[in-house]
Structures are given as C-alpha cells and as structure tokens.
Amino acid sequence: MALKELIKSRYSVRSFTDEMVSVKKLKEVLNIANSAPSGGNIQPWKVYVVTGNTKDKLISKALYNFDNGIQEEVEYEIYPKYLDDEYKRRRSKCAADMYNALSIEKDDIESRLKQVRENFRFFGAPVGMIITIDKSFAQNGWGHVGMYLQNLCLASIDNGLGTCLQESWSIYPKTVKDVIKHSDNEVIWCGVALGYPNDNDPINQYRTSREDINKFVSFLK
Ligand SMILES: Cc1cc2nc3c(=O)[nH]c(=O)nc-3n(C[C@H](O)[C@H](O)[C@H](O)COP(=O)(O)O)c2cc1C
C-alpha cells in the first residue's frame with residue numbers, strides 16, 4: 001500500500017474477527033516496527049505479546065477489577081488534571097462520535113460503561129500487547145516508544161490487520177504486572193489490541209476528524 005494511503009487508512013479498530021494472527025505475521029509486523037527512530041538509537045520499547053491462557057488470565061483479572069470498581073494506584077496521569085477547553089472539546093467530540101456510531105445516548109451510562117469495559121477484553125482481539133518503558137526515561141524516551149507504536153499500527157495495516165492503542169491498561173499496573181511479570185523498573189506505556197478488523201461492526205465504521213493544519217502549524221519567515 002502506498003504510504004499516504006497507509007497513513008490515511010489507519011483508524012482505531014475496536015472489533016475483531018476470531019481469526020488468529022500467525023506467529024510469522026506477528027513477527028513480521030514487530031520487525032517492521034523495529035525500524036523506528038529513537039534518540040541515540042536507544043530503542044527504549046519493551047513489548048509483551050499476550051495470547052492464549054496469558055491473555056485470558058489478564059482479561060479475567062482486569063474485568064474483575066472493572067466490574068467490582070477496584071482501583072489501583074496509577075503510575076502516571078493519562079491526561080493532565082487541568083485540560084484546556086480546546087482539548088476538552090476534542091475529547092468530548094471523540095467520545096460523542098464513537099457513541100453516535102453505536103447509537104448510544106449521552107445519558108445511557110450503562111451502555112457507555114459496557115463499551116469502556118471492552119478495553120479490558122482487548123476488544124475481542126486475538127492478540128493483546130503491553131508496551132512498557134524503563135521508568136528512568138522522561139518525556140523524550142516516551143516519544144521514541146510512540147514512534148515504534150505508530151510503525152506497529154501502520155505495519156499491521158500493511159499486513160491486513162488492525163490495531164487499537166490502549167492507554168486504559170495503565171490504570172491496572174499491579175494486575176498487569178502480576179500476569180506479564182515485567183521488572184520493577186518498567187512502567188506500562190500502553191496496551192495494543194491487534195487482529196483482523198470486523199468490518200461489519202458499526203464501531204469500525206466511523207472515522208474521527210482532525211483540525212486543519214492552520215490551527216497548529218506556524219510558518220515563521
Ligand atoms: C497512546 C494512545 C492510547 C489510546 N488509548 C485508548 C484506549 O485506552 N481506548 C480506546 O478505545 N482508544 C484509545 N486510543 C485511541 C484514540 O481514542 C484514537 O486514536 C483517537 O480517537 C483518534 O481516532 P483514530 O485512531 O481512529 O484515528 C488511544 C490512542 C493512543 C495514541
């Protein structure tokens with residue numbers, strides 16, 4: 001696929017078919033993503049691929065937390081405590097677009113929560129991933145992992161797959177650590193749901209919008 005088409009066709013896939021992804025294909029995608037740049041070529045990403053019993057265990061523990069309102073001490077705030085109105089507006093629109101696609105009303109909290117809960121099933125994807133980074137890295141290193149992740153998303157599309165990045169997994173650091181057993185000096189950057197997109201599900205049929213580049217680009221002469 002041409003690069004422009006590849007980039008433009010990426011979207012967050014939140015429903016998958018049951019088709020398993022072969023290990024060969026998974027490795028191909030992970031290898032392509034591995035060409036990501038990083039300052040000093042430090043390559044600070046760590047990837048835990050979870051399938052089979054490990055995925056089942058992770059899902060069942062996370063859903064137990066979610067269903068019983070169990071909260072864990074988070075290792076970082078996903079969003080700043082204070083969000084400017086502009087960012088709040090975009091976030092609200094993002095949620096509204098998704099719930100509209102699912103015909104879920106604004107005050108239908110039960111249905112909304114049911115959709116949020118899907119995060120902790122990896123949206124039914126055959127493959128889940130947990131991406132971590134060494135705690136010693138600050139913003140700069142986190143950005144490098146972001147480059148790996150974008151590559152992963154694009155390489156997935158090129159292989160007929162789809163992904164959803166999931167910061168939601170960071171709200172259960174203890175539960176995730178209990179299962180994937182990463183070292184004490186790693187922090188969960190995000191999760192990834194990966195598999196073959198279910199094109200028939202309405203949740204995969206809407207697309208998010210973007211601001212015009214004039215909104216954030218300054219040409220300084
Ligand atoms: C680092 C990161 C974490 C995200 N975490 C979640 C998540 O936990 N759950 C979810 O449904 N979407 C998540 N998303 C998807 C965003 O909501 C999505 O990228 C955004 O709305 C733009 O839509 P698009 O990806 O379809 O273009 C995440 C995206 C990124 C980049």
Descending packing, highest mean Cβ count within 10 Å first, for 201-210, 72-81 is 201-210, 72-81
Checked against a 20 Å limit on the C-alpha separation, the offending pairs among LYS27/LYS135; LYS8/LYS81; LYS24/LYS135; LYS46/LYS181; LYS27/LYS55 are LYS27/LYS135; LYS8/LYS81; LYS24/LYS135
Whole-Hz Karplus couplings 3J(HN,Hα) for region 47-57, θ = phi - 60° and coefficients 6.51, -1.76, 1.60, Gly and Pro as x, run 10, 10, 8, 10, 9, x, 4, 5, 5, 4, 5
Solvent-accessible heavy-atom area per residue, rounded to whole Å², over the chain at 1.4 Å: 60
Percent antiparallel among DSSP beta bridges (both partners in the chain, rounded to 5): 95
Helix-only mean residue ellipticity at 222 nm, the chain, DSSP H runs n ≥ 4 weighted -39,500 (n - 2.57), per residue, nearest 500. What is it? -12500 deg cm²/dmol
Mean projected area (nm²) from the convex hull of Cα positions in the chain is 14.4
Output ordering of 84-96, 5-17, 166-178 (per-residue mean of other Cβ within 10 Å, highest first) is 166-178, 5-17, 84-96
Between LYS88 and LYS221, what's the calculated FRET efficiency when r is the beta-carbon distance and R0 is 45 Å? Round to 0.05. 0.85
LYS25: which aspartates and glutamates have alpha carbons under 16 Å from its alpha carbon, excluding same-chain residues fewer than 8 sequence positions away? ASP158
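The values are calculated or read from the model by the stated rules, or taken from the named source; none is laboratory data. Given the structure is predicted, the values throughout are model-derived calculations rather than measurements. Heads up, the Cβs are rebuilt from the backbone with ideal geometry, glycines too, and the neighbour counts pull from every protein chain shown. Side chains are part of the model used for accessible areas, which takes the heavy atoms of the whole protein and leaves out ligands, DNA and RNA. Shrake-Rupley method; radii C 1.70, N 1.55, O 1.52, S 1.80 Å.
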